[in-house]
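The values are calculated or read from the model by the stated rules, or taken from the named source; none is laboratory data. Computed from a predicted structure; not experimentally measured. Heads up, the Cβs are rebuilt from the backbone with ideal geometry, glycines too, and the neighbour counts pull from every protein chain shown.
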Amino acid sequence: MRNIFGRVGVFTALMVVLWAYNLQAECNFELLDPIAFAHKGIRVGDAETNQVDNVIQGCVSKEQLTALLNTNISNPKIDDSAFYFLSGKDEKRIKIKNCNEYIAAIKNGMTAKTEVDTTNEIAFHKTCGVLSALSGSIPYKHDYIKDRNHLSEGALSVIFLHAPEEFGIPYKTLLTEGEKEMNFDEYLKSPEGKFKLIEKKFDTPVRLYLETWYGGSEEDESGFWLELHIIAKGDFNKDGYADYLIYFHKVANRGKWFEPGFALLSSKDQSQKLYEVYSRDFTCVYKNKKYVCSNPDKFLPSWSTIE
C-alpha cells in the first residue's frame, strides 16, 4: 500500500522554485505541502520522489492558481489510460487531464465506477480538491493555531480515527470520545482503547505529516492505516481565524476499504485543548465552552473541496 500511495515529504533537498509574484501583494494562504511538477503535470506532495522537475510552495497568487487549474495532473504512465476514469450513466469514459475538466465532470454527475477508475481518480481528488480550497481562501485576521505544534497528538481529536465498524472504530463511539475532548495521545495510551499504536512517525520536524497504523500488522497490511497531511494555512471558511487545510487518507485490510478526504483544523481560543475540526463527515467545535461533535450540517463552514 505504501508503494501505491507513497509518503509525502514537505521539506526536501530539492531546489524550491517559486513562481514570480508581487511581494507587496496580499497572500491569501501559505502553501506548506509543495505542488510538484513531474511527468509533464502537477501533483500535491510527493516532492521527495524521483523525476520531480521543480516545486512550488509559500505564497501563490490567484493568477497562478488559475493557471494550475488548467495544468495537466501528473501521470507517470506511458500512455493516457490514467486520464480515462470518469463516466456518466452510459458508462462511457471521457478523457480528463486537468482540474477544470475534473470539476466540471463531477458537477455533471460523472463518477469513477470501477476499482481501477477509483485508484486513478485519487491524484485528481487530492490535487484538484486542494486547488479548489486554495482558490476560495482569504487572509486570516486571528491566528490561534500557530503555537499548537501542527499535528501534535495532544491537539488532535480522535474523530479522525473513524472507519466503518468492520474495519475500525465506529463513528458513534468516536463522537462520544470526542466530546470528552479525548486526543490522539490519550486515546492510544488508554487500556480500554480498541486499537494499539503500532507505528508513529513524523517525517518533518514541524509535524506537517503524520502516519499511524492501528491493529493488525503493518507488514501484511492488515488493520487500519491513517495519513494526515497539512497542505496549507489560511482562512478557508472565511470566519477571520487561521485554519490548516488537511488532507487525510485512510486504508483498511489491504485496501479493501479506503477513503481520502479533506478537513480544516482551526481554533478561536488559545486556551482550548483541541483543534476544532470541520469536514464533510465529522465535525467537532467548541460551543459554550464544551467540545461538541455533531452532524456536520450544523457547523460546516463555507469552504470548497472536491468530495
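Can you say whether residue 199 is of a type outside the set (Gly, Ala, Ser), at pLDDT below 70 and in a loop (DSSP other than H, G, I, E, B), as far as the supplied structure shows? Steps first, answer last, please.
Values: of a type outside the set (Gly, Ala, Ser): yes; at pLDDT below 70: yes; in a loop (DSSP other than H, G, I, E, B): no.
Considered against the rule, which asks whether it is of a type outside the set (Gly, Ala, Ser), at pLDDT below 70 and in a loop (DSSP other than H, G, I, E, B), residue 199 comes out as no.
For the stretch 124-157, which residues satisfy the criterion of being touching a helix residue (DSSP H, G or I) at 6+ places or on another chain (Cβ under 8 Å) and not in a loop (DSSP other than H, G, I, E, B)? First the steps, then the outcome.
So in the stretch 124-157, the residues touching a helix residue (DSSP H, G or I) at 6+ places or on another chain (Cβ under 8 Å) come out as 124, 127-128, 131-132, 134-135, 153-154, 156-157.
Matches in the stretch 124-157: 124, 127, 128, 131, 132, 134, 135, 157.
Assigned by TED's automatic domain parsing to the domain that holds residue 256, more than 30 Å from residue 60 (Cα to Cα) and crowded, with 17+ Cβ neighbours inside 10 Å: is that true of residue 163 in this structure? Steps first, please.
Numbers: assigned by TED's automatic domain parsing to the domain that holds residue 256: yes; more than 30 Å from residue 60 (Cα to Cα): yes; crowded, with 17+ Cβ neighbours inside 10 Å: yes.
The answer is yes for residue 163.
Are any residues in the stretch 268-286 more than 13 Å from residue 182 (Cα to Cα) and in contact with a Lys or Arg (Cβ under 8 Å, 6 or more places away or on another chain), and if so, which ones?
Residues satisfying the conditions are 283, 286.
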